[in-house]
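In what follows, a structure is listed as structure tokens, so that the remarks can point back to it.
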Amino acid sequence: AVIKAPKIIKVGTDFSGIDGSVTALNRMFPYGKFRVIFGSDTNRDAHVMSAHMPGARPEKMYVDVNDRTPAKEKEDGPLDLYVTTPPCQPFSSAGNRHGVADARGKLLSVSVKFIARCQPRCVVLENVKGFSTKKFASVKNGVTKALNGAGYEVHWQVLTSDNFQVPQKRARTFMVAI
């Protein structure tokens with residue numbers, strides 16, 4: 001099937017941080033070709049950074065991903081791209097590795113439920129390499145199963161930044177769901 005790109009891409013991000021995904025989109029597309037409908041992050045400094053970045057900025061910033069209600073989601077309309085970067089500490093070798101038993105790890109389900117409910121056209125999830133280890137295979141498989149059940153084709157891969165001309169070696173797990 002052929003997927004036709006919209007004239008203006010509607011984007012939403014969760015666990016946005018300094019919103020590297022929006023920075024990348026600003027580099028890829030001319031101004032006005034995409035809108036950042038919302039972002040979310042508990043860190044108030046991230047809100048300040050997002051408000052002052054050049055190019056497109058989030059139209060709404062939520063402090064908590066749970067602040068978005070179905071009524072607010074309907075108001076925002078459908079998304080073309082949803083980028084989520086749930087907390088990595090529960091899956092990181094430098095963290096406690098308690099996965100979804102950690103309160104931060106449970107936040108992954110907020111993203112999965114949002115995807116199933118709102119059906120963005122394309123989803124990118126990014127996390128640490130540890131997310132793709134055998135220890136968390138059931139979590140990764142659960143996400144895949146839930147998104148397959150919502151009609152998505154899901155692809156996972158660990159990518160290393162130095163393969164993309166970034167002067168550091170940092171492996172990250174990426175999921176793309178269409």
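The values are calculated or read from the model by the stated rules, or taken from the named source; none is laboratory data. Nothing here was measured: the structure is a model prediction, and the numbers come from that model. Cβ placement follows ideal geometry from the backbone for every residue including glycine, while neighbour counts extend to all protein chains displayed. Keep in mind that these areas ignore ligands, DNA and RNA; they rest on the heavy atoms of the full protein, side chains included. Shrake-Rupley method; radii C 1.70, N 1.55, O 1.52, S 1.80 Å.
From the cross-link list Lys10/Lys113; Lys10/Lys145; Lys72/Lys140; Lys7/Lys74; Lys4/Lys129, which pairs have alpha carbons spaced over 24 Å apart? Intermediate results must be reported in sequence, preceding the final value.
Working: Lys10/Lys113 19 Å; Lys10/Lys145 26 Å; Lys72/Lys140 28 Å; Lys7/Lys74 20 Å; Lys4/Lys129 32 Å.
Check vs 24 Å cut-off fails for Lys10/Lys145; Lys72/Lys140; Lys4/Lys129.
Let's see if you can work this out: charge +1 on each Lys and Arg Cβ, -1 on each Asp and Glu Cβ, no other charges. What is the dipole magnitude of the chain about its Cα centre, in debye to the nearest 20?
380
At 1.4 Å probe size, what's the solvent-accessible area of Lys33? Round to the nearest 10 Å².
About 100 Å², rounded to the nearest 10.
Restricting to the chain, compute how many DSSP beta bridges are antiparallel as a %, nearest 5.
Numbers: 13 of 29 bridges.
That works out to approximately 45 percent antiparallel.
In sequence order, what are the phi-derived ³J(HN,Hα) couplings for the range 17-25 according to the Karplus relation 6.51 cos²θ - 1.76 cosθ + 1.60 with θ = phi - 60°, rounded to whole Hz, with x for glycine and proline?
My calculation for the range 17-25 gives x, 8, 6, x, 5, 6, 4, 4, 4 Hz in order.
For the charge dipole of the chain, defined by +1 on Lys and Arg C-beta atoms and -1 on Asp and Glu C-beta atoms about the Cα centroid, which residue among Ala137, Gln165, Phe29 has the Cα displaced farthest towards the positive pole?
Ala137
Which three extents, in angstrom, do the Cα atoms of the chain have along their principal axes, listed largest first?
42, 38, 35
For a quick check: with amide H placed at 1.01 Å from N, whose amide H comes under 5 Å from Val158's, ignoring anything fewer than 5 positions away on the same chain?
Result for Val158 returns Phe174.
Short version: ³J(HN,Hα) in whole Hz for each residue of the range 164-178, in order, from phi by Karplus 6.51 cos²θ - 1.76 cosθ + 1.60 (θ = phi - 60°), x for Gly and Pro, what are they?
My calculation for the range 164-178 gives 10, 6, 9, x, 7, 10, 9, 8, 9, 8, 10, 10, 10, 10, 10 Hz in order.
Remind me, relative contact order of the chain in percent, using alpha carbon pairs under 8 angstrom and six or more residues apart?
Dividing the mean separation by the residue count of the chain yields 18 percent.
Considering only protein heavy atoms, what is the solvent-accessible area of Tyr152 at a probe of 1.4 Å, reported in Å² to the nearest 10?
So the heavy atoms of Tyr152 present about 20 Å² to solvent.
Given all pairs of different Cα atoms, what value in angstroms does the Kirkwood hydrodynamic radius of the range 22-80 take?
12.3
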